[in-house]
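The values are calculated or read from the model by the stated rules, or taken from the named source; none is laboratory data. This is a predicted model, so every value here is computed, not measured. Note that we place each Cβ from the backbone using ideal geometry, even for glycine, and neighbour counts take in every protein chain shown.
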């Protein structure tokens, strides 16, 4: 399933990220990459999804969150 | 005296600037990196026989050149070769911060880690054994609290020690299979004899970075591609950059496990609780508007009385200086100073309090952590116009003054988005245009409709800015994919010191840049408004106002107005209107004073207001057309200069100047013709 479909409070592991190299490396350098565990803080179905990963809160644009494959733990 | 060149680097929000500011104090110099709008801060600390030159690199997450900040930092390290990097690391978030540290080490620069905010980390139950950490990662590590200046002495001593006794930069131990690929690429790079820092460049290829391929011959590039293909097939992955990323995180995990202890479960912090409200779908927008409203109150309610005080000071100054000449003196120097420079430059400088309060408010938003929340809240609306949430604050500031608004667009990382934002900011009605609207509206519009029309003007401007932004992003400023990715730092109480410093650093630019251009334009306008002088025979038969009228018609400005008259005819204007619009290029509100001068001859006796006089000459559709022209036409000279400075080119301000005037002209003429049909 996609990151955009997760509900508030759900924790998941990232399986794959479908992004160009620049964006991929940007996300990776912020700690969002394959195998990282993330928890959804805010997701209202519209607008950015806010996630937490290892104590860092990050907002991702909706479009981006629909390109990240996750697996709920 | 020996000079040590030290770069201060780290992720955003780790207290890097606090460390830099408290170390260097007022001994700093703020400029820009060439070609980009990234602030370059330098400072000097003197200790014993050493001069430590500190350079505060922008906060970054990696060296992958995603943003101008990363590009600048990479360039700095490669080209300026600092003796040492002080890597500022947030102790509560060490596993995240180490990613950048590893990249520094890959570049083979000596790194000294400053573990910042250990007090906060310990409160959260995170304890770091810096000796173990240092051993694991192979670089010196010091603990401290930048805010309280804790650990500074040790830090500086260590800098000198490393300078005198250079340390080895450790090799990052990647897995054997990875090292194999790295060394294969390194071989090719080495043979080409074009590079330093071979290993780092080899790793860049494995990250998917193509920056170096342009220096290699086709054959070498093909070889490297083949190696990457081999990597892809042995690991069976399509997105091969993930391999090096995974290895780095694997390494970091090992380092952190050996050196950090966490003895408390993570609790919901105050920040988490605040975000529940500030970012909730129900409260987010009302809170955002409340915050913006507060800023406007501060900027204008506190700013305006202060700015009036400034203005009256300039009045006083003009009178005082005029006092050096005899009354009625025709001295040109007096006229230049009293009628030209002081009202012109003073007119702009009078806005200094508003501008500084504005920058102060932005600093509060940034330092408190709310700025990034605004970007998140507004993102879904702004993406429709091809912008992102980060454009909101600059655009809102545009309601106050376009100059700081254009400057505030720096916070937008993406080049295309930043350009689009800068290009449309002047559509948003600035404070200087208000006196013009008020003059025209109160003269031509019935009282009960005045408020609504004024609101309409402001909404129309904001709406136009979004439409034009959308258009630009579809055409001239397409640019690359740019999703919102933004960190939300914990909320924090800003320190007065950092607020004042930030405000001053940015406000200074306004004084320097806008001030010099305005000064030049003021002098030119004065010349145009004064020359050529007219010799009027039989002066005694005429009133002072009539003399003034004849004189002003004969000046360059008057003549240009006459030439431009046919251009303004189709919107119901005449040479006086043409003249006033022309003069308003210096500063928008000059429109009112120029009209005032041109209409002053109309019978002083019955003491009619300017508005009444205008009503006798122009029609209602014409007044609406003037308002629309004022709303959409090109911004003042100071904004032009700011756009030139921020885009670092003449192209964009000129496109803006021409484009906006064309749009404004079209709309104004259309409105005049249409309204004239009905009224």
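Identify, from the list B:501, B:460, the residue that is part of a helix (DSSP H, G or I) and farther than 23 Å from residue B:303 by Cα. Going through B:501, B:460 in turn, just one is part of a helix (DSSP H, G or I) and farther than 23 Å from residue B:303 by Cα: B:460.
Can you work out which of the residues in the range B:191-211 that are within 25 Å of residue A:28 (Cβ to Cβ) and away from chain A (no Cβ under 14 Å) is surrounded by the most Cβ atoms within 10 Å (Cβ to Cβ)? So that I can check it myself, show each step before the final result.
Start the filter on the range B:191-211 by keeping residues that are within 25 Å of residue A:28 (Cβ to Cβ), which leaves B:195, B:197-211.
Then keep just the ones that are away from chain A (no Cβ under 14 Å); that gives B:195, B:197-202.
Details: B:195: 15, B:197: 16, B:198: 19, B:199: 19, B:200: 21, B:201: 20, B:202: 24.
Among those that are within 25 Å of residue A:28 (Cβ to Cβ) and away from chain A (no Cβ under 14 Å), it is B:202.
Look at residue A:58 and say whether it is at the interface with chain B (Cβ under 7 Å from one of its Cβ atoms), over 14 Å from residue A:2 (Cα atoms) and surrounded by fewer than 21 Cβ atoms within 10 Å (Cβ to Cβ).
Working: at the interface with chain B (Cβ under 7 Å from one of its Cβ atoms): yes; over 14 Å from residue A:2 (Cα atoms): yes; surrounded by fewer than 21 Cβ atoms within 10 Å (Cβ to Cβ): no.
For residue A:58, the condition - at the interface with chain B (Cβ under 7 Å from one of its Cβ atoms), over 14 Å from residue A:2 (Cα atoms) and surrounded by fewer than 21 Cβ atoms within 10 Å (Cβ to Cβ) - is not met.
Would you say residue B:22 is crowded, with 20+ Cβ neighbours inside 10 Å and either more than 14 Å from chain A (Cβ to nearest Cβ) or out of contact with any strand residue (DSSP E or B) (no Cβ under 6 Å at 6 or more places or on another chain) (or both)?
Numbers: crowded, with 20+ Cβ neighbours inside 10 Å: no; either more than 14 Å from chain A (Cβ to nearest Cβ) or out of contact with any strand residue (DSSP E or B) (no Cβ under 6 Å at 6 or more places or on another chain) (or both): yes.
No; evaluated as a whole, the condition is false for this residue.
Of the residues screened, residue B:475 is one that is surrounded by fewer than 18 Cβ atoms within 10 Å (Cβ to Cβ) and within 18 Å of residue B:660 (Cβ to Cβ). Of the residues making up the range B:520-545, those that are farther than 16 Å from residue B:596 by Cβ and part of a helix (DSSP H, G or I) are B:520, B:521, B:522, B:523, B:524, B:526, B:527, B:528, B:530, B:539, B:540, B:541. Residues considered: B:399, B:359. Of these, the only one that is out of contact with any strand residue (DSSP E or B) (no Cβ under 9 Å at 6 or more places or on another chain) and not in a helix (DSSP H, G or I) is B:399. Residue A:68 meets each of the listed conditions (1) more than 7 Å from every other protein chain (Cβ to nearest Cβ); (2) free of Cβ contacts under 8 Å to residues at least 40 places away in the same chain; (3) more than 19 Å from residue B:489 (Cα to Cα) apart from (2). Residue count for the range B:358-387 under the criterion of being within 14 Å of another protein chain (Cβ to nearest Cβ) and under 20 Å from residue B:275 (Cα atoms): the result is 13. Among the conditions (1) under 30 Å from residue A:9 (Cβ atoms); (2) not in a loop (DSSP other than H, G, I, E, B), residue B:321 misses just one, which is (1).
Check B:60, B:94, B:52 and return the single one that is under 23 Å from residue B:197 (Cβ atoms) and touching a residue at least 40 places away in the same chain (Cβ under 8 Å). Residue meeting the stated conditions: B:60.
Can you pull out every residue in the range B:222-235 that is over 15 Å from residue B:175 (Cβ atoms) and within 13 Å of chain A (Cβ to nearest Cβ)? Listed by number, the list holds a single entry, B:228. Of the set (1) within 14 Å of chain A (Cβ to nearest Cβ); (2) surrounded by fewer than 18 Cβ atoms within 10 Å (Cβ to Cβ), all apply to residue B:339 but (1). On the given criteria, is residue B:404 closer than 27 Å to residue B:59 by Cβ, in a helix (DSSP H, G or I) and free of Cβ contacts under 8 Å to residues at least 40 places away in the same chain? So residue B:404 does not fit the description; no.
When each of B:390, B:380 is tested for being touching a residue at least 60 places away in the same chain (Cβ under 8 Å) and within 28 Å of residue B:479 (Cα to Cα), the lone residue that passes is B:390. For the range B:546-572, the set of residues classified as closer than 13 Å to residue B:597 by Cα and touching a residue at least 40 places away in the same chain (Cβ under 8 Å) consists of B:546, B:548, B:549, B:552, listed by residue number.
Table: residues versus (1) modelled with pLDDT of 90 or more; (2) more than 25 Å from residue B:330 (Cα to Cα).
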| position | (1), (2) |
| --- | --- |
| B:546 | no, no |
| B:573 | yes, yes |
| B:603 | no, no |
| B:621 | yes, yes |
| B:632 | yes, yes |
| B:645 | no, yes |
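Within the range B:251-291, the set of residues being part of a helix (DSSP H, G or I), more than 9 Å from chain A (Cβ to nearest Cβ) and free of Cβ contacts under 8 Å to residues at least 24 places away in the same chain comprises B:257, B:273, B:277, B:286, B:287, B:289, B:290. For the range B:443-457, does any single residue satisfy the condition of being part of a loop (DSSP other than H, G, I, E, B), surrounded by fewer than 19 Cβ atoms within 10 Å (Cβ to Cβ), within 14 Å of chain A (Cβ to nearest Cβ) and without any contact (Cβ under 8 Å) to a residue 12 or more places away in the chain? Scanning the range B:443-457 turns up no residue that is part of a loop (DSSP other than H, G, I, E, B), surrounded by fewer than 19 Cβ atoms within 10 Å (Cβ to Cβ), within 14 Å of chain A (Cβ to nearest Cβ) and without any contact (Cβ under 8 Å) to a residue 12 or more places away in the chain.
State yes or no: is residue B:495 farther than 23 Å from residue B:582 by Cα, modelled with pLDDT under 90 and away from chain A (no Cβ under 14 Å)? Yes, satisfied. If you go through the range B:362-381 and keep only what is more than 18 Å from the chain's Cα centre (by Cα) and either over 20 Å from residue B:59 (Cα atoms) or part of a loop (DSSP other than H, G, I, E, B) (or both), you end up with B:377, B:378, B:379, B:380, B:381. If only residues of the range A:18-33 that are surrounded by fewer than 22 Cβ atoms within 10 Å (Cβ to Cβ) and more than 7 Å from chain B (Cβ to nearest Cβ) are counted, the one that is nearest to residue B:204 (Cα to Cα) is A:19. Among the residues of the range B:112-125 satisfying the criterion of being within 14 Å of chain A (Cβ to nearest Cβ) and assigned to a helix (DSSP H, G or I), which is farthest from residue B:8 (Cα to Cα)? The extreme case among them is B:123.
Candidates B:78, B:30, B:45, B:109: the one that is touching a strand residue (DSSP E or B) at 6+ places or on another chain (Cβ under 7 Å), within 25 Å of residue B:207 (Cα to Cα) and either more than 12 Å from chain A (Cβ to nearest Cβ) or surrounded by fewer than 22 Cβ atoms within 10 Å (Cβ to Cβ) (or both) is B:109. On inspection, residue B:427 qualifies as buried (at least 24 other Cβ atoms within 10 Å of the Cβ) and touching a helix residue (DSSP H, G or I) at 6+ places or on another chain (Cβ under 9 Å).
When we screen B:158, B:153 for residues that are out of contact with any strand residue (DSSP E or B) (no Cβ under 8 Å at 6 or more places or on another chain) and either crowded, with 18+ Cβ neighbours inside 10 Å or assigned to a helix (DSSP H, G or I) (or both), the only hit is B:153.
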